[in-house]
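Report on the following structure.
The numbers here are math on the coordinates, done by the rules we state, and not lab data. Everything quoted here is computed from the prediction, not taken from an experiment. Note that we place each Cβ from the backbone using ideal geometry, even for glycine, and neighbour counts take in every protein chain shown.
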Amino acid sequence: MAVVQANNLLEDQSQVESGPLTTLSSSGPYGTFVGVYDGHGGPETSRFVNDHLFHHLKRFAAEQDSMSVDVIRKAYEATEEGFLGVVAKQWAVKPHIAAVGSCCLIGVVCDGKLYVANVGDSRAVLGKVIKATGEVNALQLSAEHNVSIESVRQEMHSLHPDDSHIVVLKHNVWRVKGIIQVSRSIGDVYLKKSEFNKEPLYTKYRLREPMKRPILSWEPSITVHDLQPDDQFLIYASDGLWEQLSNQEAVEIVQNHPRNGIARRLVKAALQEAAKKREMRYSDLNKIERGVRRHFHDDITVVVLFLDTNLLSRASSLKTPSVSIRGGGITLPKKL
């Protein structure tokens, strides 16, 4: 896991959880959970997701005694509803909380399957090795919800046929209502509930016309992938990485370098590319203060998960100690 900060306040959050995937540690599925939460407008939503989503997932997995698409969807819904409650409580004294949101990418490896769920524009990419040549191919597993993508703009128009300005090209960037680039997120309640799109919210976030229906959605796109022996590793990253590196470039970096420090290597490669675009040296980019750096690149969070299909097939029967990693901190069991 590696993180580089560009904003004054780090808006990215992330976590890796390995062990029981239910609240019933003695039974139920075991596996590995990865979450990358790219906040916008402030860090409150991404921090909330980091504190609550995995717990909701474990609770619903315990109820069903399994991992499933339905469990993941319910975990997203409960997290969204929980943050809506926070907004409702703080609205009177902190109205800006309604304009804070987060992209939310998760991956769950369990019982030989990989579940990937996403709202927003973070991305999960699988590295698949070609045995004959030893080369690696990139397979993107997550769907993105950014209106820079034509199909996403078409989706927004189909959902809002009576609103010709649902997506607007502003300063050469496509934005929902001229405000935000993502069409799905956790939070951003001001574009989901009309009661939070009025004074005392800042004028720049308020719509000119009444909101007939939610404009943004919390519903995740979820894919299920049966893991194969040639599936080597997964790269989960916020869009700050993918703005600089292609899927194929990223998987080749992972494939061609030692595992130790590989997430940091990806971040460095992205920063080198950002510096190159500005015709400056990497060393000079690193000297730029947080806040100002946002003009050169976004916050970047990267998690690389290596896959051993032999171990994964036996993961549910191997009751290994739990490991929990969040951002820059790691929590290990007292006894290994």
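What Kirkwood hydrodynamic radius do you get for the stretch 81-127 when you take the inverse of the mean 1/r over all pairs of distinct Cα atoms, in Å?
For the stretch 81-127, the Kirkwood estimate is 13.2 Å.
Can you tally the net charge around Arg259? Count Lys and Arg as +1, Asp and Glu as -1, for every other residue whose Cβ sits under 14 Å from the Cβ of Arg259.
Here the count lands on +1.
Counting only residues 5 or more places away or on other chains, whose amide H sits under 5 Å from the amide H of Gly178 once H atoms are built in the peptide plane?
Residues meeting the amide H criterion: Val168.
Hey, what's the Kirkwood Rh for the stretch 170-285 if you take every pair of different alpha carbons, in angstrom?
18.0
In whole Hz, with x marking every Gly and Pro, tabulate ³J(HN,Hα) for the stretch 91-106 from phi via Karplus 6.51 cos²θ - 1.76 cosθ + 1.60, θ = phi - 60°.
Going residue by residue, I get 3, 5, 9, 9, x, 4, 4, 6, 9, 9, x, 8, 6, 8, 10, 10 Hz, with x marking Gly and Pro.
What FRET efficiency, computed as 1/(1 + (r/R0)^6) with R0 = 25 Å and r the Cβ-Cβ distance, is obtained for Phe306 and Ser246, rounded to the nearest 0.05?
Plugging the Cβ-Cβ distance into 1/(1 + (r/R0)^6) gives 0.75.
Quick check: convex hull over the Cα atoms of the stretch 59-159, volume per residue in Å³, rounded to an integer?
For the stretch 59-159, the hull spanned by Cα atoms encloses 157 Å³ per residue.
How high is the relative contact order of the stretch 70-129, in percent, counting Cα pairs under 8 Å that sit 6 or more residues apart?
Worked out over the stretch 70-129, it gives 22 percent.
Can you give the extra length, in nm with one decimal, that the chain gains between Leu24 and Ala92 once fully stretched, where that is 0.36 nm per residue apart less the Cα-Cα distance?
So the chain would gain 20.6 nm between Leu24 and Ala92.
Could you list His145, His40 in order of exposure, starting from the residue whose Cβ has the fewest other Cβ atoms within 10 Å?
His40, His145
Hey, fewest Cβ within 10 Å first, where do Ile179, Ile106 land in order?
By the 10 Å Cβ count, ascending, the order reads Ile179, Ile106.
Please list the radius of gyration and Dmax for the stretch 125-205, considering alpha-carbon atoms only, with Å as the unit.
Here Rg and the maximum Cα pair distance are 18.1, 63 Å.
For a footprinting-style exposure proxy, rank Phe48, Phe83 by other Cβ within 10 Å, fewest first.
With the fewest neighbours first, Phe48, Phe83 line up as Phe48, Phe83.
Could you tell me the extents of the stretch 39-78's C-alpha atoms along the three principal axes, largest first, rounded to whole Å?
Extents along the principal axes: 36, 15, 12 Å.
Taking θ as phi - 60°, what are the ³J(HN,Hα) couplings along the stretch 35-48 by the Karplus curve (6.51, -1.76, 1.60), each to the nearest whole Hz, with x for Gly and Pro?
Along the stretch 35-48, the couplings run x, 10, 10, 9, x, 8, x, x, x, 4, 5, 4, 5, 5 Hz.
Quote the relative contact order of the stretch 8-164 in percent (integer), defining contacts as alpha-carbon pairs under 8 Å separated by 6+ residues.
19
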